[in-house]
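The values are calculated or read from the model by the stated rules, or taken from the named source; none is laboratory data. Since the model is a prediction, treat every value here as computed from it, not as a measurement. Here the Cβ positions follow ideal geometry from the backbone for every residue, glycine too, while neighbour counts run over all protein chains shown. Ligands, DNA and RNA are excluded from the accessible area calculation, which covers all protein heavy atoms including side chains. Shrake-Rupley method; radii C 1.70, N 1.55, O 1.52, S 1.80 Å.
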Amino acid sequence: MKAPDFVYVRPGSIAEALALLADTDADATPLAGGQSLMPMMNFRVAAPGKLVDLNGLAELRGLRVENGMVRIGAMTRYAELLASDDIRENIPLFGLALPHVAHAAIRNRGTIGGSVALADPAAEIPALLLVLEAEIHMQGLAGTRAIAAEDFFLGLYETALQEGEIVTEIVVPARKTTEQFGFYEFARRHGDYAMAGVALKVGGPDHCRIGFFGVADRAIRATRAEVAYRDGGVPAAMAALDDLPFDGDLNAAAKTKRHLAGIALKRAFEGIS
Amino acid sequence: MNEPLHIFDRPNSYIGRSVPRPDARRLLEGRGKFVDDLQLPRMLHAAFLRSAHSHARIDGFDLDAARAMPGVVAIYTGKDFADHVTPYVGTLTHLAGLRSAPQMPMAMDVARWQGEPIAMVVAQSRAEAEDAVAMIDADLHPLDAACDTESALDADTPVIHEAFGSNLAWERLVEAGDVDAVFSRNDVTVIKRTFRFGRHTGVTLEPRASVVEYDPSENRLTYWYSGQAPHMMQAILAKHLDLPEENVRVVAHDVGGSFGIKIHTYGDDIATAVAAKLLKRPVKFVADRHESFVSDIHARDHVVTGRIAVTADGTIEALDFDDLTGIGPYSMYPRTSAIECNQVLNLTGAPYKLRNYRARGRVVFQNKNLMCQYRAVGHPIAMAVADGLVDEAAAAIGVDPAEIRRRNLVPDDTYPCVSASGMKFDDLSHEKTLDRLISEMRYDDLRADQATCREKGVYRGIGLVSMVEVANPSPMFYGIGGAPISAQDGATVRLDAGGALHVSSSITEQGQGTNTILAQIAAEVFGVDMDRVKVTTGDTDNVPYGGGTWASRGAGIGGEAMLLASKALKDQVLDVAGILLQSESESLDIRSGSVVDADSGAERISLRDLARTVYYRGNELPSDVKPELIATRHYRVTDFPFVFTNSAMAAHVEVDVESGFVRVLHFWAVEDCGRVINPQLVDEQIRGGVVQGIGGALYEECVYSEDGQLLNATMADYLVPMAGEMPDISVFHVETPTKTSVLGAKGAGEAGTGGAPAAVMNAVNDALRPLGASIFQMPMSPERILKALGKV
Ligand SMILES: Cc1cc2nc3c(=O)[nH]c(=O)nc-3n(C[C@H](O)[C@H](O)[C@H](O)COP(=O)(O)OP(=O)(O)OC[C@H]3O[C@@H](n4cnc5c(N)ncnc54)[C@H](O)[C@@H]3O)c2cc1C
């Protein structure tokens, strides 16, 4: 479990980072918190020839609230999000969900941008961003662009990110006073990736957004359940999950995921605040 | 402790106290000396190519690209070792009929499990060795595999060792009384269940590790290893590498946990020794976590179908079961993989008065990693089957689980006695431990709480287990069958010129506190402060001959040897003191580093002065006085094959019946390990053991695909129990010292692991009972519980 040889570079600006990442021959790869990438390298599942460390880029760090939007730098760490008053006030869903992401040591290093770029199907962040109607901002040598979270997560570890591009910022609408949030996940042990989990935003009796994680090949919105909720409340939403593309894994077959998704949804609604 | 006065009930007393570990600070400061910390001049590093298939013919290798890689010094395939190491076979003569095929460190013609080493790269660094391993082109031809235990003996299952004609490695039948007659009676209730126990493994914090140095000028091999039994390894290395035994030195410094994983012969370790000998340079091999999962022995893997017959008043009339256990493609060398099944046959139902007993065991080969002795060998199966059936029977006839145990446990006043399977028991306390358990856990209050909770749709359950634990084995365990495994241990105690004690012992420190209890015993029995005792263990050049750590034997056997040696040295020192002081030695004693007047406690001469007189100014002694300020004693258990420990345990759980998740709310263990030398260390052993037991019951499983691929060989996917999910564990002691020794210590290392799975399983089933559901498969994962509930 030793990583194959690689070159390590620590650029001082986004421009420099993008130039380094353009080296496709070396399979240049950005390094954020390293909490997923380093294990993959040690397992030799990933073998980038060049690691471009984003940890020196002040431009990618920190967060601010501007015009009803929370703008979060890609290199902001889970621990920083959890400690932030701005987040507590404006994205209460993060406060419900992030304590379930891994363990303290990993949250001290792991970044929101890393989670977005990795797109692990069982990760919390992508589902939260779907529910929160967030926008992912990216930058490449060709320029910058922004995509709705809904169009960003395409499949198993597959995103709209193009080669040579990096995630720069996550933009999340600040909470409206009418909105409530719910979150629930099942994990065998605290901090494990979820067996099944769900995040909710409830705008009123006729409006909610539901995002599941850990049940399919990516974080997914349950649009039929959202509609069913409007017409028949929580029981109707629970019954409207069959069309989701459930995938089994080591801990649960697809059928079990389907069952747990319903229970998680019920509990998330019970706990909304 | 309210036991009669022993020789160690003295002023500076340590036995029975929670003395802190003298080595704790060193380890906490990061100054531990683990194998990977060792850096020798000219040392090389090994990495292995392991079979990617569970069963494959090895047609050849193309090594050119690998050889060209930077840093590579040598590459070996299995056949390269054919002339340098002799094959080994994991059989023992007392396990009649057990068969296994000869094994070499690396597969030569056929690889028989995914993870079996097939080629080895030795390079300047481990990273370079791994780079080169990735470049080896192995021509492997996959063969049909036999992976499933339950179909291993079917006619259409591939036979792993053709010469044997089937995949059966061993079978044994134990029979007592007339089982069939009981089951045909019409006044008994019969309960039949099938239990399934998945594979799990030890997950030691420090993986297996070896550094081997060979000095051709003296034909001498030194093997630093992270392991449990240095003298056993010395004998094995000498035999298979053709070296005089005395030319092999085995050293085990700090060891980061063993749990039975590190007491076997692993091909990669032996290959490391062969490479060091061939290259005449030190070679290091430290297993990485992935290698640990696919090559450290796995445990359990049983399917047991059992039935119990009870009368209406709850008397257990008969127990009958069939155990099928899968051990991988070989029986592990040298302890064999039949012992696990043998323990199940010996121990199931052993706490109960049982006259009619039939136990059939079959051990089968499979194309999976080897299964062998792990903490609490066979115990979790024996206890879960017996106590699972007992609870099911109790429910069927409407008797409370605590009550049915009271009616059937072997009474405390009937020892010595012999069990239905022929085990000799003495000094056990099933009744006392159960009574204490019931009162400490407030059993009746928990039952009341259970009823209240059920009304609210909350499903809590209480599970009990009464158990025996094998400890302090005699030579009847291994030595009798021809294994180079010592059941006796030695201790040497030496007074140095400064008045301190240097002690050494053949038992070993794996992190459980062996060195601490050795110091406690020596300090107290001899009569010095504990900080004046320096302990050496784990070095075949420097300690007496003995067995090491296994079968909960360190304190009971090695501790007794230390007691005897310390007592002997004390007598020798008092003889010298009597001459120097012109007093009767019987009137003298040694306390806190001085020879004192036994009655008044007044100091007569310090040990330092005494020792200096002997060592420097022998002229002051009469010429016929030849003091020996060193003593060695050995000890083995003679009257019994094993000295058993017993305990009663309980789990309180809550089952989330919507999701299948189980939360263990609390765990209690009342343990009788005889004399408790250090309560804190014993409690740590019990708690750690319980956690591993809960791991096996709820979390840990080596998940294989149908074709024998281990699917969860990472710490992310293999679920070791973690602190957040663990309950508080309350530990209590009943002390019934064994009469086989002065010290009276039995063993405490494995009880928690052996008992906890049964208690947790019974608790889960107690919770599920009102819903008409039950589960007898471990680990009891949420999905399996949902299936039991009919929800998925
Ligand atoms: C034991 C353990 C448990 C875990 N449990 C959970 C859990 O429960 N839930 C969960 O969500 N996660 C979990 N994780 C993963 C953890 O949250 C990761 O840190 C996170 O998913 C990735 O973030 P990172 O900053 O560490 O990214 P890295 O590991 O540095 O990178 C991950 C990938 O994203 C790419 N990347 C990173 N940043 C950018 C960027 N700005 N632009 C473009 N590409 C980028 C990298 O090139 C790499 O391919 C766990 C990890 C561990 C070790």
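For B:LEU140, A:LEU60, the ranking by accessible surface with the largest value first comes to B:LEU140, A:LEU60, using a 1.4 Å probe. Backbone amide hydrogens, once placed in the peptide plane, bring B:ASP323 within less than 5 Å of B:ARG360, B:GLY361, B:ARG362, excluding anything fewer than 5 places away on its chain. Across segment B:437-453, computed HN-Hα scalar couplings (Karplus, 6.51 cos²θ - 1.76 cosθ + 1.60, θ = phi - 60°) run 4, 4, 6, 5, 7, 6, 3, 5, 4, 5, 5, 5, 4, 4, 5, 4, 4 Hz from first to last residue, x flagging Gly and Pro. Dividing the summed -39500 (n - 2.57) terms of all DSSP H runs of n ≥ 4 by the residue count of chain A sets its mean residue ellipticity at 222 nm at -9000 deg cm²/dmol.
Interface residues of segment A:182-215, defined as those with an accessible-area decrease of at least 10 Å² between the chain by itself and the complete set of protein chains (probe 1.4 Å), are A:PHE186, A:ALA187, A:ARG188, A:ARG189, A:HIS190, A:ASP192, A:MET195. Partners of A:LYS176 within straight-line reach, counting aspartates and glutamates whose Cα lies under 13 Å from its Cα and excluding those fewer than 8 residues away in the same chain: A:GLU89, A:GLU133.
Mind checking which of A:THR168, A:THR223, A:THR76 has the largest fluctuation in a GNM of chain A, springs on alpha carbons under 10 Å? Of the options given, A:THR223 has the highest mean-square fluctuation. If the Kirkwood radius is taken over C-alpha pairs of segment A:180-270, then at 25 °C and 0.890 mPa s the Stokes-Einstein diffusion coefficient equals 192 µm²/s. Its Cα centre serving as origin, chain B has a Cβ charge dipole (Lys and Arg +1, Asp and Glu -1) of approximately 400 debye. Every helix of 4 or more DSSP H residues in chain B counts as -39500 (n - 2.57), and over all residues that averages to -7500 deg cm²/dmol at 222 nm. Taken over the alpha carbons of chain B as equal point scatterers, the Debye sum produces base-10 log I(q)/I(0) values at 0.06, 0.07, 0.08, 0.11 Å⁻¹ of -0.40, -0.54, -0.70, -1.22. For B:HIS94, the solvent-accessible surface with a 1.4 Å probe is about 70 Å², rounded to the nearest 10. Taking all protein chains as shown and a probe of 1.4 angstrom, B:SER100 keeps an accessible surface of around 10 Å².
For segment A:173-272, trypsin sites (Lys or Arg not before Pro) are listed when DSSP marks them as loop and at most 16 other Cβ atoms sit within 10 Å of their Cβ; the list is A:LYS176, A:ARG189.
Using C-alpha pairs under 8 Å with a sequence gap of at least 6, the mean separation divided by the residue count of chain A gives a relative contact order of 15 percent. Given segment B:216-289, what whole percent of its Cα pairs are spread farther than 18 Å? The calculated P(r) of segment B:216-289 puts 34 percent of pairs beyond 18 Å. Which one, B:HIS231, B:GLY461, A:ILE87, projects farthest toward the positive side of the charge dipole computed for the protein assembly as shown from Cβ point charges (K/R +1, D/E -1)? The residue sitting farthest along the positive end of the dipole is B:GLY461.
Given the pairs A:LYS2/B:LYS33; A:LYS201/A:LYS266; A:LYS2/B:LYS79; B:LYS239/B:LYS368; B:LYS567/B:LYS739, which span a C-alpha to C-alpha distance of over 24 angstrom in this model? Listed pairs above 24 Å: A:LYS2/B:LYS79; B:LYS239/B:LYS368.
Say R0 is 25 Å: what FRET efficiency, to the nearest 0.05, do B:ALA96 and B:ASP322 get from their beta-carbon distance? Between B:ALA96 and B:ASP322 the formula returns 0.85. Distances between placed amide hydrogens fall under 5 Å for A:THR159 paired with A:LEU154, all partners being 5 or more residues away or on another chain. Overall shape of chain A was characterised from the C-alpha gyration tensor. The equivalent ellipsoid obtained from it has semi-axes of 32, 21, 16 Å, in decreasing order. Here the label points at A:VAL7 and B:VAL458, each 7 Å from Cα along the C-beta direction, are separated by 6.2 nm in the simple model.
Taking GluC sites (Glu not before Pro) as candidate sites, keep only those in a DSSP loop with at most 10 other Cβ atoms within 10 Å, then name the longest stretch of chain B containing none of them.
The longest such stretch corresponds to B:219-583.
Size descriptors for segment A:60-173: radius of gyration and Dmax over Cα atoms are 13.0, 37 Å.
Stokes-Einstein, applied to the Kirkwood radius of segment B:501-604 over Cα pairs at a viscosity of 1.306 mPa s and 10 °C, places its translational diffusion at 110 µm² s⁻¹. In terms of Cα atoms, the Rg and Dmax of segment B:443-490 work out to 22.9, 60 Å. Using only side-chain charges placed at the Cβ, +1 for Lys and Arg and -1 for Asp and Glu, the dipole size of segment A:180-270 relative to its Cα centre rounds to 120 debye.
Here the simple spin-label model places points 7 Å from the Cα toward Cβ, and for B:LEU621 and B:ALA181 these points are separated by 6.9 nm. Under 20 Å from a label point set 7 Å out along the Cα-to-Cβ vector of B:ASP156, the amide N atoms of segment B:694-728 belong to B:706-708. Given +1 at the Cβ of Lys and Arg, -1 at the Cβ of Asp and Glu and no other charges, the dipole of the protein assembly as shown around its Cα centre is 720 debye to the nearest 20. Rounded to the nearest 0.05, the FRET efficiency derived from the C-beta distance between B:LYS192 and B:ASP242 at R0 = 51 Å is 0.45. Site pair A:ARG88 and A:VAL65 shows an inter-label distance of 1.2 nm when each label is modelled 7 Å from Cα along Cα→Cβ. The Cα-based radius of gyration of segment B:286-338, divided by its Kirkwood radius, gives an Rg/Rh of 1.26. Taking θ as phi - 60° and the Karplus parameters 6.51, -1.76 and 1.60, the scalar couplings of segment B:621-627 work out to 9, x, 5, 8, 8, 10, x Hz in sequence order, x denoting glycine and proline.
If r is the Cβ-Cβ distance from B:ASP449 to A:THR223 and R0 is 51 Å, what FRET efficiency results, to the nearest 0.05? E between B:ASP449 and A:THR223, to the nearest 0.05, is 0.70. Taken along its three principal axes, the alpha carbon spread of segment A:7-52 comes to 30, 23, 12 Å, from the longest extent down to the shortest.
Subtracting the Cα-Cα distance of A:ALA148 and A:ALA104 from 0.36 nm times their residue separation leaves 12.9 nm of extension gain. Karplus-based coupling profile of segment A:229-236, in residue order and whole Hz: 4, 4, 8, x, x, 4, x, 5, with θ = phi - 60° in 6.51 cos²θ - 1.76 cosθ + 1.60 and x standing for Gly or Pro.
Working note: Debye formula, equal point scatterers on the alpha-carbon atoms of the protein assembly as shown, no solvent; log10 I(q)/I(0) at q = 0.05, 0.06, 0.07, 0.10 Å⁻¹ is -0.37, -0.53, -0.72, -1.32.
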